[in-house]
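What follows is one structure encoded as structure tokens, with my remarks underneath.
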Amino acid sequence: MGLLKGALTFSRYRLIGDLPDQFSERIDQQIRKFAFQNLKKSAEEKILGWTSLENVLDTDFQYSSYAWGDYLIFSLRIDRWMVPASLLKIRILEAEKQYLTETGQKKIDRYRREDIRERVRLDLLNHTQPVPTFYEICWSVSEQSVLFTSLSDKVVDDFQDLFKRSFDRTPCPFVPWDQQFMDPGTAVKMTTPEMDLKLPGREFLTWLWFKSEERNGMITLPDGSETEVIFVQRLVLESGDGEYAESVVCQGFHADLKEGREALRRGKKIKEARIKLSRDAASWEFTFKADRFQFQSLKLPLIMDSDEEQDDRSGRVLERLYLLETVIRTMDQLFSLFLSLRLSDQWPKECIRLDKWLRQAIDKP
């Protein structure tokens, strides 16, 4: 329950298009229509639907509202019937042996073998208890943005499909270098051959490591405010694609490891890092995944404990959402700062400073 308490892992999405007429009534109707149905037996290996965030058994949304100010917050429940492959194999062999004994045949043709396999699979599913999993959704109505608390491709596919069928809106994965979300001038610059921004997220994270040590972690944002960025504990660097990819994993306090900088000099880029970010006496710590601009195991600043009354409860949730939006907005601002520099004629000078930083760090005894 990361949106209510604890650490958060999430991916981000944008909804394209205008809100439908009578939005509130439409959402209320559709979220109930596609709520989770507790089917005891099913030929499918999974069933899914929406549930309340606070009470996973509340699929009528009668006891816990999904509306929290500007946000719609609820959960996706997926029940999977999972049969171990080794058990399925044994039961199929037993069924095939029984079939040969009963029929007196020497072998089984392909169609009969497939029929036996399917019957065995369905029988095992009918005698297996499903394993439920829950994933949280936070939908900002005014921003038309969605946070979904999973990074798994399979789970994301289920989420996107059900969301589209439920609300007639397709959640599009969001990264800040997506040209459809940029101003036209920046989008045009992104397409020029000399930019060669194949992996913007990795370039950004590599540059951010350098900037985090240029002024002892302090970085001035485009709006004039400052944030402190410290790389801690772990870095993952990679070069190449697919089976030719080469990775280096560095671990240590402040990631102050020569092998990481040496890997940068050999052309690798940072694809994942553990970061501590601070603003206005508040601190966040999270693992940042550069390729999809995702947050993993995000620890929010502590909130003072309050009574569990309705007003306090709502205020606590909205405060957590404010802190969540603050760290997201700050990372977006840092990327904006990087991109404006990357697309400017000042970038060659920045590269010289970055290379000097690398050499100084590596040459230290």
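Hey, if you drop one equal point scatterer on each alpha-carbon of segment 85-126 and run the Debye formula without solvent, what base-10 log of I(q)/I(0) do you get at q = 0.14, 0.27, 0.35 Å⁻¹? Each listed q corresponds, in turn, to -0.29, -0.95, -1.24. Structure note, pairs Lys211/Lys268; Lys211/Lys276; Lys269/Lys356; Lys46/Lys299; Lys211/Lys349; Lys189/Lys356: Cα-Cα distances above 20 angstrom occur for Lys46/Lys299; Lys189/Lys356. Computed 3J(HN,Hα) for segment 336-352, one whole-Hz value per residue from the Karplus formula 6.51 cos²θ - 1.76 cosθ + 1.60 where θ = phi - 60°, is 4, 4, 4, 5, 4, 6, 5, 8, 9, 7, 8, 4, x, 5, 5, 5, 5, glycine and proline marked x.
Helical runs assigned H by DSSP (4 residues or longer) give the chain a calculated mean residue ellipticity at 222 nm of -13000 deg cm²/dmol, each run adding -39500 (n - 2.57) before division by the residue total. Note on Met82 and Gln37: the extension gain reaches 14.4 nm, defined as 0.36 nm multiplied by sequence separation minus the Cα-Cα distance.
Residues in segment 132-137 carry Karplus couplings, in order, of x, 9, 10, 9, 9, 10 Hz; the curve used is 6.51 cos²θ - 1.76 cosθ + 1.60 with θ = phi - 60°, and Gly or Pro positions show x. For Rg/Rh (Cα atoms, Kirkwood Rh), the value computed from the atomic coordinates appears in the list [x] 1.73; [y] 1.00; [z] 1.06 under label [z]. Neighbour counts of other Cβ atoms within 10 Å put Met218, Met190 in the fewest-to-most order Met218, Met190. Volume per residue for segment 1-109 equals 212 cubic angstrom (convex hull of Cα atoms). For the chain, averaging the sequence separation of C-alpha pairs within contact (under 8 Å, six or more residues apart) and dividing by the residue count gives a relative contact order of 17 percent. Convex hull volume of the C-alpha atoms in segment 121-249, normalised per residue: 244 Å³. This ranking places Asp345, Asp115, Asp157 by how few other beta-carbon atoms lie within 10 Å of each, fewest first, which gives Asp345, Asp157, Asp115. Working note: Karplus 6.51/-1.76/1.60 with θ = phi - 60° gives segment 14-30 the couplings 10, 9, 8, x, 7, 5, x, 5, 6, 4, 4, 5, 5, 5, 4, 5, 6 Hz, where Gly and Pro are set to x.
With the simple spin-label model, which puts each label point 7 Å out from Cα in the Cβ direction, the Ser24 to Glu213 separation comes to 5.4 nm.
Both radii are taken from the alpha-carbon atoms of segment 200-363; with Rh as the Kirkwood radius, Rg/Rh is 1.02.
Here, each number is a calculation from the coordinates, and none is a lab measurement. Everything numeric in this text was worked out from a predicted model, so none of it was measured. Because the Cβ atoms are built from the backbone with ideal geometry, glycine has one as well, and the counts that use them run over all protein chains shown.
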